[in-house]
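Have a look at the structure below, then the notes.
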Amino acid sequence: MEGKIMPFPEFNAASPNHATLPVHERRGVCFHHTVMPFGETLAFMARPESRVSYHVVIAADGARARLVADEHVAWHAGESVFHGREGCNAFLLGVSFAGDTRLAPLTEAQVASALEWLAPRWEELSWSLHWMTDHRQIAPSRKDDLAPAEWARLRAAIAGRFGTGYSAAEAQGGVVSQAAQLASSAATTVEPTRCAASSAGSMP
């Protein structure tokens with residue numbers, strides 16, 4: 001047992017705020033931060049009137065709360081566009097880190113837990129960095145999460161663990177340089193909203 005890496009705990013904290021049909025496409029992931037503390041976020045998203053949810057929320061110690069099943073559509077992205085397509089709730093899973101990355105960096109446990117959560121899905125669904133993003137990039141006029149430096153750090157950790165996963169078509173299409181630009185650029189928007197759980201997504 002000595003030296004064995006134990007998985008982070010994961011538990012159900014079901015949110016009623018989701019749609020069961022159409023089935024989620026699971027093309028990739030949009031990362032968020034909650035601003036609210038972990039427990040407060042779960043309590044808020046358990047209320048139907050909040051109309052907001054993520055698929056999973058990751059606490060500072062790496063524990064994960066599952067709010068919505070992968071095959072269901074969580075209400076996390078709101079008005080959003082990614083790779084020219086609107087309505088990101090339908091095709092990007094929502095993963096949120098408890099806390100505010102503009103005030104404090106992600107913990108090492110949060111990054112490690114996110115990689116652990118990604119691992120089985122990355123292989124099963126043939127994901128690539130092309131389909132990893134954050135809320136700031138898909139809703140730049142409204143949202144500011146993650147902090148650019150923390151997104152770059154998380155993206156580097158994902159690439160280090162899984163590689164880029166780019167297909168030949170994506171590479172030839174300039175996806176690599178495009179993704180690098182997105183990772184290194186800060187949003188240049190007017191007063192984006194802090195991504196508190198109370199304003200994180202809303203029903204599409």
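Here are the numbers for this structure:
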| quantity | calculated |
| --- | --- |
| Sorted peptide list for 22-34, 87-99, criterion being average Cβ within 10 angstrom, highest first | 87-99, 22-34 |
| ³J(HN,Hα) computed for each position of region 155-161 - Karplus, 6.51 cos²θ - 1.76 cosθ + 1.60, integer Hz, glycine/proline x | 4, 5, 5, 5, 5, x, 7 |
| Region 51-115: relative contact order in percent, alpha carbon pairs under 8 Å with at least 6 residues between | 40 |
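Values quoted throughout were computed directly from the atomic coordinates according to the rules given, and no laboratory measurement underlies them. None of these values were measured; they are calculated from a predicted model. When we count neighbours, we look across all protein chains shown, and the Cβ atoms used for this are built from the backbone with ideal geometry, even at glycine.
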